[in-house]
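What follows is a single structure, written as structure tokens, with notes after it.
The values are calculated or read from the model by the stated rules, or taken from the named source; none is laboratory data. As the structure is a computational prediction, the values presented were derived from the model and not from experiment. Cβ atoms come from the backbone with ideal geometry, glycine included; neighbour counts cover every protein chain shown.
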Amino acid sequence: MIKDLWYKNAVIYSVHVGTYMDSNADGIGDFEGLARRLDYLHGLGVTCIWLGPFQKSPRRDDGYDISDFYQVDPCFGTLGDFVEFTNQAEQRGIRVMIDLVVNHTSDQHPWFQEARRDPASKFRDFYVWSDKKPENADEGMVFPGVQKTTWTRDPVAGKYYFHRFYDFQPDLNTENPLVLAEIRKIMGFWLELGVCGFRMDAMPFVISTKGPQPRHRLRYDMLRSFREFLQWRRGDAIILAEANVEPKNNLHYFGEDGDRLQMMFNFWVNQRVFYALATADIKPLVKALEQTRDRPDNAQWAHFLRNHDELDLGRLTEEQRQAVFDDMGPDKDMQLYNRGIRRRLGPMLRGDWRRLEMAYSLLFTLPGSPVIRYGDELGMGDDLTLPERNCARTPMQWSTEPLAGFTRSSKPVLPVIEQGPYGFHKINAADQRRDASSLLNWTERIIRMRKEVPEIGWGDFKVLDTGNDGVLALRYDWRNNAVVTIHNLRNESTEIQIRLADEKGRQLVNLLTQDHSQAHGRGVHTIVMEPYGYHWYRVGGLGYLLERSNE
Ligand code: GLC
Ligand code: CA
């Protein structure tokens, strides 16, 4: 296996330029501001930044409605600022991945404007039309409760157009080779400007056939053609797909031979991590880890806790979902689209830092690469007075200066959280930087440790029996090295036993504290887990590191 597959052990930081740092006092974060914060990100230790959409857009869906794929929206800066930013990131060894939103465009995109006006235009067939409203028009909405239909009549065209998401986001017809050529052109453009790959939005919908007919097919072959194009233009570029799918379909996305997507978000595990956090029952999580074990050697999972959207719990059973709602989002107002929770991680875990650390530690030890969300390294909160998912997209809290040091304008693009336990006077980067025991400094330390444990990204994992459904123990083996990580999901201390059969398993060196463990009997370790405790051990002691083989 080629050792330089960087995404096998990346630490990805998700950020939206508009809410990170405003450099010119217009209230909107911009590339210059983001570039100035690169030292902060470098210090935190992240290896890759995933940038939410920043292209020209009416921004009715936080930029996921693009009207020009080749322009930076002027409110964020210029193409020049973008290139300055990627270059400065590169100087610090940080890669930049961007959202590729090509399932749909904004209805303001010139393609759509042409398409609706002129039946003879080549752009007509860029979109998906029907003369009458299809029978299943009121099914398959991604935003139920807010979105009313997936087919809307356009008065100019005199026809209905298909939109999987909001009505201002007409779907592109990806069966049209001209559309595929445009998608390649967009990828090629941003690759030239220094990005390392794409977080591909709404992947299952991109590859689906579309139209008024009731049955649709997924064109997985398209994935291979995207990959080939990418690899030809830039060898180390990747696609990280947003595809919330059932495990039985994973290999269709990765490709049996690893010839399709390099990375996918593991939504299946994500939902069961939250179930485990809510109930301290790890059984469904263990099952999910087994169900998503299979992937080609050159592919990788991206694991995450919260992202910029609602926490989608749609793939849990009714009772499981209710259990997560009960613990983390009991009010209707905290829930969204009949399936998820729209809050930030901090408030979901009631601001309990032991629990936050444990949750993050668990994330960092799942088989794959971790993705963290800006502000979660501080334990930032949400503003439930904002509509839908915007509640968890408030500006980064840098300091106790007015408006959290995010902007010098009095009109920030979204309100800054000021009041209550999550207000910027209480939670901000400046204060946490000075405090050795802050969540920020803890996150920096855990990222450093995660980088020193490549077994997690590269190795094979085994779930160890702890005899306790509230405690997850994982063992990773890679090139004669092994680590064991243990997480106690309960707010109670408990004693567990694990058995490591091999000789070097007699000694477990704790990587985070001085609390090491020596086996008794036949390789049995008795370990006391504090409430919400987490331990990372190197098996056999640090001496084994020196023996790392070079094969
Ligand atoms: C994805 C994005 C979401 C967006 C949607 C439409 O699900 O994560 O934020 O609204 O696609 O582009
Ligand atoms: Ca600005």
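Here are the numbers for the structure shown:
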{"item": "Elements of type helices (runs of 4 or more DSSP H) contained in the range 241-344, each with 2 or more residues being free of Cβ contacts under 8 Å to residues at least 12 places away in the same chain", "result": "318-328"}
{"item": "Which numbered condition ASN338 fails, given (1) touching a Pro at 6+ places or on another chain (Cβ under 9 Å); (2) buried (at least 23 other Cβ atoms within 10 Å of the Cβ)", "result": "(2)"}
{"item": "Residue among ILE2, ILE49, ILE12, ILE66 that alone is more than 21 Å from ILE417 (Cβ to Cβ) and modelled with pLDDT under 95", "result": "ILE2"}
{"item": "Selection within the range 33-54 - within 16 Å of ligand 2 (Cβ to nearest atom) and not hydrophobic (A, V, I, L, M, F, W, C)", "result": "GLY33, ARG36, ARG37, GLY52"}
{"item": "Selected residue (criterion: surrounded by the most Cβ atoms within 10 Å (Cβ to Cβ)) from residues of the range 156-179 that are within 20 Å of ASP201 (Cβ to Cβ) and of a type in the set (Val, Ile, Thr)", "result": "THR174"}
{"item": "Some residue of the range 140-155 being buried (at least 19 other Cβ atoms within 10 Å of the Cβ), in a loop (DSSP other than H, G, I, E, B), more than 16 Å from ligand 2 (Cβ to nearest atom) and free of Cβ contacts under 8 Å to residues at least 60 places away in the same chain", "result": "yes"}
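Let's see how each residue does on (1) within 15 Å of ligand 2 (Cβ to nearest atom); (2) among the acidic types (Asp, Glu):
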site: LYS3; (1), (2): no, no
site: LYS8; (1), (2): no, no
site: GLY27; (1), (2): yes, no
site: GLN71; (1), (2): no, no
site: GLU84; (1), (2): yes, yes
